[in-house]
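Readers should treat all values here as calculations from the given coordinates under stated rules, not as data from a laboratory. Bear in mind that the values here come from a model prediction, so they are computed numbers and not experimental data. Neighbour counts run over all protein chains shown; Cβ positions are idealised from the backbone, glycine included.
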Amino acid sequence: MFEQISRVPPDLILGLIAAYKADPNPNKVDLGVGVYQTEEGETPVLACVKEAEAALHRAETSKAYLGPRGVVGFNEAISNLLLGSDHPALEAGRMVTVQAPGGTGALRVAGEVVKYVRPESTIWVPNPTWPNHNALFPAAGFRLESYRYRDSATGELDFAGMLEDLGRLGPNDVVIMHACCHNPAGIDLTPEQWSQVVDLGVERQFLPLVDMAYQGFGVDLDTDATLIRLLADRAPEFIVTSSCSKNFGLYRERCGAISMVLPNQEKALDAESIINSITRGIYSMPPTHGPGIVDIILRSEELTARWHEELAAMRDRINGQRSKLVQKLKEAGVARDFSFIERQFGMFSLLGISPDEVARLRDEYSIYLVGDTRFNVAGLRDNNLDYFVSSVAEVMA
Ligand SMILES: Cc1ncc(COP(=O)(O)O)c(C=O)c1O
């Protein structure tokens, strides 16, 4: 059977990490990495997570399966985080949440849910989008199309183009939207713009599938959920996939969830039964360690307050680095206007330089960005910012 196989090329970002590791230059800078980093270049376990994990170890008496829904308290807490605990959709039982192995696992399950209900759907992603969207949905058997999002000429949101593309869609279309901190563009819609998109979706009857991977990394936990709350106010049905990888720093625990909002509780319970039967056929039972930690944190006022502080510290550091970078690029005399970096949100932005300039940064300066010019703002530290800025100024001179 396997005599036909040959080597699959490595994932671009994983290839970049390997090249960075092998680079002997002591000044090398890794801006390709997809995790938050502190000023010391570390991705530490949050203190609130450490404490909750210790409590979990003390309380846990069995590793027996918990059932397809996993940690039920976690599912409820995620619904509350997404909608705000007093949203009428929660009161009406219109939202169900089931934990999944990370945001990626949740997206894969969402693809299977759509396939179960409407296999002839077309799935639409913004251009650009997180590259894994392009792998996940075709793997579930879907045709993928893209709608306009970032105008590569200006580096800004092409909102008119986005509305025009979405305005042509209908009930057989599923539209993936990044709730906040768009990866890779860093460009988010304003609440007024989201409001227009939600109304358009209701009018055209396409299904919104919201990817929420960075709640709390943009403005704050509530503002970052604006799209989801507007949808819950106005749309009859939609799906949200969420991740605790970034905001709780639980990356390798594979902690995420799929949530569905339906017109009423009966339909929501039907949807939950479909999710459970789909996951039974993929991984049977979800991992519960990460969700158990999140459940403990969000049940405790003290740990929740600590989480809010730690989350704000990560967000503030990223936003601070954004401002410093824009300021220093200006001071270095770089003619191009990079002020958009300061108006964007989350860990990533697209620098928008040429492929040749990206290659020179890597080959001559040991600065690693993804080929589409995505860079991780959290990878910029006070001790490498000046080197990065002068290198960019030199390749752009
Ligand atoms: C846009 C987007 N969606 C989903 C995910 C999934 O994250 P995870 O599977 O680690 O929870 C990521 C992670 O980088 C992301 O950037």
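Tabulated data for the structure shown
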item: Inter-label distance for SER152 and SER300, nm, one decimal - labels placed 7 Å from Cα along Cα-to-Cβ; result: 4.9 nm
item: Ranked list, fewest to most other Cβ atoms within 10 Å of each Cβ, for VAL8, VAL240, VAL334, VAL389; result: VAL8, VAL334, VAL389, VAL240
item: Fraction of the pair-distance distribution of the chain above 34 Å, Cα-Cα pairs, percent; result: 30 percent
item: Gain on full stretching of the segment that runs from HIS289 to LYS63 - 0.36 nm per residue minus C-alpha separation; result: 80.4 nm
item: Burial ranking of peptide ranges 213-219, 195-201, 1-7, 350-356 (average Cβ count within 10 Å, highest at the top); result: 213-219, 195-201, 350-356, 1-7
item: Built amide H within the under 5 Å cut-off of ARG374, gap 5+; result: LEU351
item: Cleavage-rule hits, trypsin sites (Lys or Arg not before Pro), the range 45-80, DSSP coil, Cβ neighbours within 10 Å at most 14; result: LYS63
item: Simple spin-label estimate for HIS308 and LEU163 in nanometres, 7 Å along Cα-Cβ; result: 3.6 nm
item: Label-reachable residues, the range 181-224, where backbone N falls under 14 Å from a point 7 Å from ILE274's Cα toward its Cβ; result: 207-209
item: Farthest positive-ward along the range 168-268 dipole, Cα basis, beta-carbon charges - from ALA179, TYR251, LEU231; result: TYR251
item: Inter-label distance for ASP356 and GLU331, nm, one decimal - labels placed 7 Å from Cα along Cα-to-Cβ; result: 3.0 nm
item: Residue-span extension gain [GLU3 to VAL219] - 0.36 nm each, minus C-alpha spacing; result: 72.5 nm
